[in-house]
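K.L.:
One structure coming up, written as structure tokens, with questions to follow.
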Amino acid sequence: MDFTLSDEQQMFAETARTLLGDTCTPDHWRKMMEQGVAFEPARWAQIVENGFTLLLLPEAAGGMGLGELDLALIAREAGYVALPEPLVESAGVGTPLLAALAPDHPALADPAAIIAVAPAINPVVANADIATGILIEKDGRAFVITPDKARLTPAETIDPFRRLFRIEWDESQAQDLGPANWTLALDRASLFAAAQGVGLAQRAVDLAVAYAQERTQFGKPIGSYQAVKHHLSSAQVAIEFARPVVLAAAAEIANGDVQSRARVSEAKIVALEAAEKAARASIQVHGAMGYSWEVDVHLFLKRALALKQAWGTPAFHRNRIATRVFTQPVGADQTFAREMTQDENEHA
């Protein structure tokens, strides 16, 4: 499997890295928390202006018609800065699902529109309060409703920038869009959560490395001590293992079979485990102050823990991997190999 990124993909990732890195800083997070807000209109406008909300939309709907790998790269950069705005779930899950069901829906005409998603697997919905529309799963069908026609009750959340709501709604107030591919929506959401996990993990390690180079103990930087090196190298190894797993899942997600679903589930598990491991290692490197509100790393740990439980728990995703293991061929030759069709086998 070829993981080489095209020049265009690298350009998109670099653009996202620059934009989000310049506009989404720890100082800005703290100002937002002081104000009790989780959405920055000016930053969202820049995200829209750069076309990131249109990546997965087909060209016929005014989008770029790109693939999941392209958005996974953007999701990784969003994770690196712990982006508060719902770029990933709206552009990666909500908008393409709405476009597949109702290509003429008026919300699709507005690149700045936010589409929240309420699948049956998630008991709460993120960003429902700022959404243009909410897609709700019921009996395999999709209904779309505007927030003003539903009752939103805030739910507890560990992440101050990922606001969650329970939704009470009446079918008579919603538009029935018919049967929907909720499995693909779940796969996309899980994949992009995994991609964010890689970014979260790398940022946590980078914060720890920067601190270990500056903080001295017994006359030399604490980063020179073996114990600190071991903690951070172990976290970095977990990140490097997760990277190709996420890329493999992105490359095969469109197949929509047992194999591709298992890859997505593996990506979500290993990437968010790496994010949690890296964040906890970073906190430990920071010492006692690592557990304080003043140190930025706590936000990355909270985002990792929140995403770990969203779009299917680890147990749910392990069951999907088990289905792959017990129903499909296994072995070294299957690790990064696409399974051949019957016709291909006959001509092999």
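The values are calculated or read from the model by the stated rules, or taken from the named source; none is laboratory data. Predicted model, so just to flag it, every value in this text is computed and none were measured. Because the Cβ atoms are built from the backbone with ideal geometry, glycine has one as well, and the counts that use them run over all protein chains shown. Side chains included, ligands, DNA and RNA excluded: accessible areas come from the protein's heavy atoms. Shrake-Rupley method; radii C 1.70, N 1.55, O 1.52, S 1.80 Å.
K.L.:
Failed condition for Trp182, given (1) within 19 Å of Gly256 (Cα to Cα); (2) open to solvent by 50 Å² or more (accessible area, probe 1.4 Å); (3) touching a residue at least 60 places away in the same chain (Cβ under 8 Å); (4) not aliphatic (A, V, I, L, M), with all others met?
P.N.:
Looking at each condition in turn, Trp182 falls short on (2).
K.L.:
If I ask for residues that are of a type outside the set (Asp, Glu), crowded, with 17+ Cβ neighbours inside 10 Å and either out of contact with any His (no Cβ under 9 Å at 6 or more places or on another chain) or assigned to a helix (DSSP H, G or I) (or both), which ones from the range 285-297 would you list? Before the answer, list the steps.
P.N.:
Of the range 285-297, the ones of a type outside the set (Asp, Glu) are 285-293, 295, 297.
Next, from what is left, pick out any that are crowded, with 17+ Cβ neighbours inside 10 Å: 285-286, 290, 295, 297.
If the condition is that a residue be of a type outside the set (Asp, Glu), crowded, with 17+ Cβ neighbours inside 10 Å and either out of contact with any His (no Cβ under 9 Å at 6 or more places or on another chain) or assigned to a helix (DSSP H, G or I) (or both), then Val285, His286, Gly290, Val297 are the ones that fit.
K.L.:
Can Phe241 be described as open to solvent by 50 Å² or more (accessible area, probe 1.4 Å) and either in a helix (DSSP H, G or I) or among the polar types (S, T, N, Q) (or both)? Walk me through how you get there before you give the answer.
P.N.:
Working: open to solvent by 50 Å² or more (accessible area, probe 1.4 Å): yes; either in a helix (DSSP H, G or I) or among the polar types (S, T, N, Q) (or both): yes.
Answer is yes for this residue.
K.L.:
Ok, one more. Among the residues of the range 217-232, write down those that are closer than 24 Å to Ala304 by Cβ and either open to solvent by 50 Å² or more (accessible area, probe 1.4 Å) or of a type in the set (Phe, Trp, Tyr) (or both).
P.N.:
Ala227, Lys229, His230, His231
K.L.:
On to the next question. Ala112 versus (1) over 21 Å from Asn255 (Cα atoms); (2) buried (at least 24 other Cβ atoms within 10 Å of the Cβ): which is the lone unmet condition?
P.N.:
Here Ala112 clears every test but (2).
K.L.:
Just to be sure, is Glu273 of a type in the set (Asp, Glu) and either within 26 Å of Ser6 (Cα to Cα) or open to solvent by less than 70 Å² (accessible area, probe 1.4 Å) (or both)?
P.N.:
The answer is no for Glu273.
K.L.:
Out of Ala254, Ala262, which single residue is among the small types (Gly, Ala, Ser), open to solvent by 60 Å² or more (accessible area, probe 1.4 Å) and assigned to a helix (DSSP H, G or I)? Write out each step before concluding.
P.N.:
Values: Ala262 fails: open to solvent by 60 Å² or more (accessible area, probe 1.4 Å).
After ruling out the rest, the residue left standing is Ala254.
Table: residues versus (1) surrounded by 15 or more Cβ atoms within 10 Å (Cβ to Cβ); (2) under 23 Å from the mean Cα position of the chain (by Cα).
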| site | (1), (2) |
| --- | --- |
| Glu137 | yes, yes |
| Lys149 | no, no |
| Pro154 | no, yes |
| Trp169 | yes, no |
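K.L.:
Further question on the same structure: What about Glu214, is it over 30 Å from Ser190 (Cβ atoms) and open to solvent by 80 Å² or more (accessible area, probe 1.4 Å)?
P.N.:
On the way: over 30 Å from Ser190 (Cβ atoms): yes; open to solvent by 80 Å² or more (accessible area, probe 1.4 Å): yes.
In short, yes.
K.L.:
Kindly provide the set of residues from the range 51-104 that are buried (at least 18 other Cβ atoms within 10 Å of the Cβ) and either on the phi > 0 side of the Ramachandran plot or acidic (Asp, Glu) (or both), ordered by number.
P.N.:
Residues satisfying the conditions are Glu68, Asp70, Glu77, Ala82, Glu85, Glu89.
K.L.:
Another question, then. Out of everything in the range 298-348 that is open to solvent by 90 Å² or more (accessible area, probe 1.4 Å) and assigned to a loop (DSSP other than H, G, I, E, B), what residue ends up being modelled with the highest pLDDT? Give the derivation first.
P.N.:
Step one: filter the range 298-348 for residues open to solvent by 90 Å² or more (accessible area, probe 1.4 Å), giving 309, 318-319, 326, 330, 332-333, 336, 338, 340, 342-343, 346-348.
Now restrict to residues that are assigned to a loop (DSSP other than H, G, I, E, B): 330, 336, 338, 340, 348.
Working: Val330: 68, Phe336: 48, Arg338: 46, Met340: 42, Ala348: 35.
Among residues in the range 298-348 that are open to solvent by 90 Å² or more (accessible area, probe 1.4 Å) and assigned to a loop (DSSP other than H, G, I, E, B), the one modelled with the highest pLDDT is Val330.
K.L.:
Step by step: first the residues of the range 255-297, then only those that are closer than 30 Å to Ser224 by Cβ and hydroxyl-bearing (Ser, Thr, Tyr), then the one that is modelled with the highest pLDDT. Which residue is that?
P.N.:
Ser282
K.L.:
When you look at Val48, is it β-branched (Val, Ile, Thr) and either under 23 Å from Leu299 (Cβ atoms) or open to solvent by less than 10 Å² (accessible area, probe 1.4 Å) (or both), yes or no? First the steps, then the outcome.
P.N.:
Details: β-branched (Val, Ile, Thr): yes; either under 23 Å from Leu299 (Cβ atoms) or open to solvent by less than 10 Å² (accessible area, probe 1.4 Å) (or both): no.
In short, no.
K.L.:
Tell me, yes or no, whether the range 10-23 has at least one residue that is crowded, with 16+ Cβ neighbours inside 10 Å, of a type in the set (Gly, Ala, Ser) and over 18 Å from the mean Cα position of the chain (by Cα).
P.N.:
No, the range 10-23 has no match at all.
K.L.:
Check off (1) over 16 Å from Leu56 (Cβ atoms); (2) open to solvent by 40 Å² or more (accessible area, probe 1.4 Å) for Asn127 and give me the number that stays unchecked.
P.N.:
(2)
K.L.:
Can I ask one more? When the range 24-41 is examined, which residues are found to be under 18 Å from Ser90 (Cβ atoms) and among the small types (Gly, Ala, Ser)? Outline the logic, then answer.
P.N.:
Here is the first cut: in the range 24-41, the ones under 18 Å from Ser90 (Cβ atoms) are 24, 37-41.
Hit for the range 24-41 is Ala38, nothing else.
K.L.:
If you don't mind, another one. Looking at Ala38, Ala42, Ala112, can you tell me which residue is more than 30 Å from Ser260 (Cα to Cα), without any contact (Cβ under 8 Å) to a residue 40 or more places away in the chain, of a type outside the set (Asp, Glu) and out of contact with any Cys (no Cβ under 9 Å at 6 or more places or on another chain)?
P.N.:
Numbers: Ala38 fails: without any contact (Cβ under 8 Å) to a residue 40 or more places away in the chain; Ala112 fails: without any contact (Cβ under 8 Å) to a residue 40 or more places away in the chain.
Among Ala38, Ala42, Ala112, only Ala42 is more than 30 Å from Ser260 (Cα to Cα), without any contact (Cβ under 8 Å) to a residue 40 or more places away in the chain, of a type outside the set (Asp, Glu) and out of contact with any Cys (no Cβ under 9 Å at 6 or more places or on another chain).
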